[in-house]
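The values are calculated or read from the model by the stated rules, or taken from the named source; none is laboratory data. Predicted model, so just to flag it, every value in this text is computed and none were measured. Don't worry about glycine lacking a Cβ; one is built from the backbone with ideal geometry, like all the others, and counts go over all protein chains shown.
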Amino acid sequence: MSTESQDYKIVLGVIGADCHAVGNRILTSVLTQGGIDVVNLGVMVAQDEFIEAALSEQAGAILVSSIYGHGELDCQDFRARCEERGLTDIVLYVGGNLVIGKQEFSVVEAQFREMGFDRVFHPSADLQEVIGLLKADIDANRPAQLARNSRPLADERLGLSA
Amino acid sequence: MSTESQDYKIVLGVIGADCHAVGNRILTSVLTQGGIDVVNLGVMVAQDEFIEAALSEQAGAILVSSIYGHGELDCQDFRARCEERGLTDIVLYVGGNLVIGKQEFSVVEAQFREMGFDRVFHPSADLQEVIGLLKADIDANRPAQLARNSRPLADERLGLSA
Amino acid sequence: MTELTNHRLDTAGFEAERAEILQSWPTGTGVSFAEAVKVQEALPTEKRFPVALAAADAQGMTLLQPRAGVALVREHAALLNGLSPYCDVLPTTIDAYTRHNRYTEAQDGIDRSRAAGTSLLNGFPAVNHGVDGCRRLVDAVSKPVQVRHGTPDARLLAEITLAAGFSSFEGGGISYNIPYAKHVPLERSIRHWQYCDRLVGRFEEEGVSINREPFGPLTGTLVPPFVSHVVAILEGLLALEQGVKCITLGYGQAGNVAQDIAALRSLRRLAHHYFLNAGYADYKLTTVFHQWMGGFPADEAQATAVICLGALVARQARATKIIVKTPHEASGVPTLEANQAGLKATRQMVNMISDQNRVDSPDIQMEIDVIEAEVHAVMREILRLGRGDIARGAVAAFQTGAMDVPFAPARANLGKLTPVRDNHGAIRLFDVGNVPLPADVLAFHRDKIAERALCERREPSFNMVVDDVRAISASKLVGRPA
Amino acid sequence: MTELTNHRLDTAGFEAERAEILQSWPTGTGVSFAEAVKVQEALPTEKRFPVALAAADAQGMTLLQPRAGVALVREHAALLNGLSPYCDVLPTTIDAYTRHNRYTEAQDGIDRSRAAGTSLLNGFPAVNHGVDGCRRLVDAVSKPVQVRHGTPDARLLAEITLAAGFSSFEGGGISYNIPYAKHVPLERSIRHWQYCDRLVGRFEEEGVSINREPFGPLTGTLVPPFVSHVVAILEGLLALEQGVKCITLGYGQAGNVAQDIAALRSLRRLAHHYFLNAGYADYKLTTVFHQWMGGFPADEAQATAVICLGALVARQARATKIIVKTPHEASGVPTLEANQAGLKATRQMVNMISDQNRVDSPDIQMEIDVIEAEVHAVMREILRLGRGDIARGAVAAFQTGAMDVPFAPARANLGKLTPVRDNHGAIRLFDVGNVPLPADVLAFHRDKIAERALCERREPSFNMVVDDVRAISASKLVGRPA
């Protein structure tokens, strides 16, 4: 596998009026060390800011955090908005305390998958597992092999690419 | 009301193989201060010991404690045994942790009332309330007024009776 | 806006500003100060926050307060009345949209909550409910109620809630900006909170006491005691200048028992020192201890243990009030039952510790000495930067990083200071950033961290900090390598 | 029976007694010592109690152990396996009929439990299940298992359970008589426990270590530390004489943090003092701390707070093991889930305290001094009464009341000593009875109680004691007047 040499660029942020900054810092640190190129938008990020960053940075995934319980309101129509803006086939993850109060996780998960998120995470999710899933999902979503082969593979093998 | 001058004698004990002595001490102390004449048999008391004491002391009630969970086994047929031994119309109370594990109190109460106990108490029952109920139940169970009137009422009124 | 200084707002300017604020959202027009004073005067004693605090302080009691807020008035009143038997003073937690003055979104949340039959907001949108809605709430409960939020510009919120009979108001120009906002300039939020404090001062002048409580825990994550103490002292001074008289300073549990006790004891002492030195004498100072504000274990029994440690330390340190967490903490907004459980566990622990021996030790004294040296060093720098004015000085200190709150979202905060736990779990400085601490204090921090590094056979690094941040929810205090 | 003395039982007498005991109930015939040694030798390391204790002691860890026992083997194994992930060492609590050697009633309980589909016994009737049943249990679990009971004559129980691979045995001739029986003479129970200890000594001689744990908390109700310490030291000495080598001494939480820490620290020191002075050197000493053994609050959140205080103190005092209570404590035998909750809360608290500063204070040192003076005074009297023999001395001391356990059911106990809490909640002596404590110690107790009486404006009386007994379940430590 040559996945090590692949680039995994993601856009990360805390959505809505949510200013919980700690998890965002931790995520950035752990994902970066896990070989992910993190474009961190910080806290209080609007849907459009996520989408614009993903477009301009050519990111493979958007990771949306929501800790304060308004996730249900803030994440409405996120997938539709992405497609509307031409961001098709992007991997969408969401995680945190997504709803008000303690609810069965499977119910919350189903709700957010229904809303178009590819994966839904607990606040206590194992970040190493998240890294693994993220890489797999981004790989699975990449343009066909042919297109990819047109990139300078030799350099990649020699580790010469920046 | 002349209840103050009445005697309220009860037999108290912890039934079966149960050696929880603390509650027994506390009960004795509080009931005595509440104007109840307590014949305390202590811990590890057999059904027959309760009954013999109630007969010989002419007690108006038997208070059975059970803390260790075997109450269900130890209290079986208590009422029947009382009647068999000629102890009819005695007030029977039971209290403590009567069954194994945390069960709905109303279920336990129904079970022990079915077994012939007049009242069933939590371990955290209010002891002042128990004293009130005990006096009322003993009074209600006394032989008819006529018989009672044959006792030396004058002495009672003067507080001369031992 | 004129340059920010720590001086009492002049009456004409204040009244002009007020007129503007009350026009900024339709419910603002429901506010009349004369009416507000009458509403406050009509409050029975048992609903006055300052009375409850003064009584607790005089009798050496510790009050319990939960957090709670839902979208609709009736549901919120029912929630508070469900909590009331288990606590001493009541909260009203404001929703996140209102905190950012997004009243349109808050209204949307109210409407959707009505439709859904359950609160979709994480708090009570007091501005949208207006004076009448808030008064219905205050009328429906039987204990003092405080507004708890996280609003950089809380002027309209303060006008509406205080007019409705809330008798305590949490927050401050620094503590409700740095941890709660991203783009708000510090001079702006401090100025807006001068307004809130002046409003409280106006009530005091009418003989109505309103409690003010700067928000102690800041980001709630490995905040060194001196950092939150400096903010508390600054906000206390800013409030006193505007005429506030009843002040409760806060501290969020850090986890190490000795450090936490030292922190609460030194907070009281340092505050009196700065308040009295600044010439204020006519004030009532009390303290509030926040149970662990960082990540909680998901398991409810484990979460209750975290709550219990906080309760124990708060009582050992003789806090006037405890802000109580719940066993649902890891899942966000708790149910009524979970909230009651947190209060009951806290009450039991507080009661069991209440009469016990005063806790003291050389370790506690050492922590007090360190905290005091740190606070004095930063306060000196703030006064220097502000040329004697602490409002100007505070803004400048955050700009230069002389004051720096770890893990804060605000751009106004430098974010270079990085804390880490030492080998006993006390919070030390891994990177002091630009904070001007004395050399001996820095050496103390370095030695303490080196002791841990040696024990764990790894160099101190940001990984160690990450491990610490996640430790309590993983059932440890210190984030050791597995 | 020859007169009781503290000397190793001679082999011939021991073997004769053994033959008799194994005949006393049908399952006794299933015991063969040679087989028993083989079963013990075949135990994997992770199932050996002494190994777990030694490792914890060496690494400064605190082990957690729940209580659990139900009537049937399969159900009991399932229960232990449900607890196993949350604890370090396993219990098997024996039912109350077996404790009184009423094996016929125990059999009735087994039969009725089978019929009812739920355990009607409050523990595991190990004698009735015999060596085979007990071996099936030990085989079904993956951690060390201890027998926990309250049996004045535990000879057959010890034979059967140790032959089946249990590797720790709780109890002692005093601690399993005075709080657990009514009519059993003390010389008889001590003699029967010499047998149990000798049996363990025989295993030690075969190279198989078995842990012995005298029962620390006694009646679990306002027991002054010196009272349980004297019993622990006596039972330790009695066990050592019979060849026991792995001893865990216990203490039950009294509630006052300073006194509890002092008690556990002094217990270790005093035990070494008496053991070494008596000429024993080849032993391993560890300690066990029992979370609050008195009445619990019915509310589960409040009960968890009581559990958490115990966990904190146990870890601050560096106990080797904690016996963990559950949020169902007030209702008797807990469910699996409640038992897990108690363990999880305890683990979280222990972990959070684990790395923190050693707790020390003048108060703790004062309590240590008092406890040591008390223990030495009573031990001197016991040695005097026994003319140098602690077995004879123990019996005589209980007879005269020189040793006296509060609230004990046994007739062998005088019951004059009456404890009460002082103004900080520490346990003091309201009535010393016939216990020969030094005058300065008595004055200390008197002063401490007077301080409380003054504070409560009432004379010390048995009412104060009653209030104290009921205090924790009513959410207080000290039973103040309403």
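List of remarks:
- Residue count for segment A:22-43, restricted to those that are in contact with a Lys or Arg (Cβ under 9 Å, 6 or more places away or on another chain) and either in contact (Cβ under 8 Å) with a residue 60 or more places away in the chain or of a type outside the set (S, T, N, Q) (or both): 9.
- For A:LYS102, the conditions (1) touching a Ser or Thr at 6+ places or on another chain (Cβ under 8 Å); (2) within 11 Å of another protein chain (Cβ to nearest Cβ); (3) buried (at least 23 other Cβ atoms within 10 Å of the Cβ) are fulfilled apart from (3).
- Applying the condition of being among the hydrophobic types (A, V, I, L, M, F, W, C) and more than 9 Å from chain A (Cβ to nearest Cβ) to segment C:324-339 and asking which residue is nearest to C:GLN291 (Cα to Cα) yields C:VAL324.
- Tally of residues being among the aliphatic types (A, V, I, L, M) and touching a residue at least 60 places away in the same chain (Cβ under 8 Å) across segment D:71-93: 6
- When restricted to residues that are in contact (Cβ under 8 Å) with a residue 40 or more places away in the chain and hydroxyl-bearing (Ser, Thr, Tyr), segment D:293-346 contains 4.
- Restricting D:GLY401, D:GLY386, D:GLY425, D:GLY415 to residues that are more than 14 Å from chain B (Cβ to nearest Cβ) and under 20 Å from B:ALA21 (Cβ atoms) narrows the list to D:GLY401.
- Selected residue (criterion: farthest from the other protein chains (Cβ to nearest Cβ)) from residues of segment D:439-482 that are in contact with an Asp or Glu (Cβ under 8 Å, 6 or more places away or on another chain) and in contact (Cβ under 8 Å) with a residue 60 or more places away in the chain: D:VAL441
- Subset of segment C:431-482 that is touching a Phe, Trp or Tyr at 6+ places or on another chain (Cβ under 9 Å) and assigned to a loop (DSSP other than H, G, I, E, B) - its residue that is surrounded by the fewest Cβ atoms within 10 Å (Cβ to Cβ): C:SER461
- Spans of helices (runs of 4 or more DSSP H) in segment C:1-118 with at least 3 residues within 25 Å of C:ILE323 (Cβ to Cβ) and aliphatic (A, V, I, L, M): C:49-59, C:73-83
- The one condition from (1) in the same structural domain as C:GLY255 (by TED's automatic domain parsing); (2) at pLDDT 95 or above; (3) at negative phi that C:MET366 does not meet is (1).
- Condition check for C:VAL420: among the β-branched types (Val, Ile, Thr), touching a residue at least 60 places away in the same chain (Cβ under 8 Å), on the phi < 0 side of the Ramachandran plot and not in a helix (DSSP H, G or I): yes
- Test: A:GLY86 is more than 11 Å from chain C (Cβ to nearest Cβ), outside any helix (DSSP H, G or I), surrounded by fewer than 18 Cβ atoms within 10 Å (Cβ to Cβ) and touching a helix residue (DSSP H, G or I) at 6+ places or on another chain (Cβ under 6 Å): no
- Unique residue being of a type in the set (A, V, I, L, M, F, W, C) and over 17 Å from D:PRO225 (Cβ atoms) when the list is D:ILE371, D:ILE390: D:ILE390
So that you can scan it fast, the table gives a plain yes or no per residue for (1) polar (S, T, N, Q); (2) touching a residue at least 24 places away in the same chain (Cβ under 8 Å); (3) part of a helix (DSSP H, G or I):
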position	(1), (2), (3)
C:ALA377	no, yes, yes
C:GLU381	no, yes, yes
C:GLY393	no, no, yes
C:GLY425	no, yes, no
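- Hits in segment D:142-193 - residues which are within 23 Å of D:THR5 (Cα to Cα), among the aliphatic types (A, V, I, L, M) and part of a helix (DSSP H, G or I): D:LEU156, D:ALA158, D:LEU186, D:ILE190
- Residue in segment C:193-214 that is buried (at least 24 other Cβ atoms within 10 Å of the Cβ) and either at pLDDT below 95 or closer than 30 Å to C:ALA471 by Cβ (or both) present: yes
- Of the residues making up segment D:290-316, those that are under 21 Å from C:SER475 (Cα atoms), more than 9 Å from every other protein chain (Cβ to nearest Cβ), of a type outside the set (S, T, N, Q) and surrounded by 24 or more Cβ atoms within 10 Å (Cβ to Cβ) are D:GLY310, D:VAL313, D:ALA314.
- Failed item, numbered, when D:ASN357 is tested on (1) within 21 Å of D:LEU53 (Cα to Cα); (2) assigned to a loop (DSSP other than H, G, I, E, B); (3) more than 14 Å from chain B (Cβ to nearest Cβ); (4) in contact with a helix residue (DSSP H, G or I) (Cβ under 8 Å, 6 or more places away or on another chain): (1)
- Taken over segment C:219-239, the criterion of being more than 14 Å from the chain's Cα centre (by Cα) and within 14 Å of chain A (Cβ to nearest Cβ) is satisfied by C:LEU222 alone.
- Look at (1) within 14 Å of another protein chain (Cβ to nearest Cβ); (2) buried (at least 20 other Cβ atoms within 10 Å of the Cβ); (3) aromatic (Phe, Trp, Tyr) and you find that A:TYR93 fails only one, number (1).
- Residues of segment B:114-146 that are surrounded by 12 or more Cβ atoms within 10 Å (Cβ to Cβ), over 11 Å from the mean Cα position of the chain (by Cα) and closer than 25 Å to B:TYR68 by Cβ: B:MET115, B:GLY116, B:PHE121, B:HIS122, B:PRO123, B:SER124, B:ALA125, B:LEU127.
- Looking across segment B:89-111, the residues that are assigned to a loop (DSSP other than H, G, I, E, B) and either under 15 Å from D:ALA298 (Cβ atoms) or among the hydrophobic types (A, V, I, L, M, F, W, C) (or both) come down to B:ILE90, B:ASN97, B:LEU98, B:VAL99, B:ILE100, B:GLY101, B:LYS102, B:GLN103, B:GLU104.
- D:LYS344 of a type in the set (Lys, Arg) and within 27 Å of D:ALA96 (Cβ to Cβ): no
- Those residues of segment C:194-215 which are part of a loop (DSSP other than H, G, I, E, B), more than 14 Å from the chain's Cα centre (by Cα) and not small (Gly, Ala, Ser), in sequence order: C:GLU206, C:VAL208, C:ILE210
- Scan segment C:240-264 for residues that are within 19 Å of C:VAL378 (Cβ to Cβ), out of contact with any Phe, Trp or Tyr (no Cβ under 7 Å at 6 or more places or on another chain) and more than 14 Å from chain D (Cβ to nearest Cβ) and the total you get is 2.
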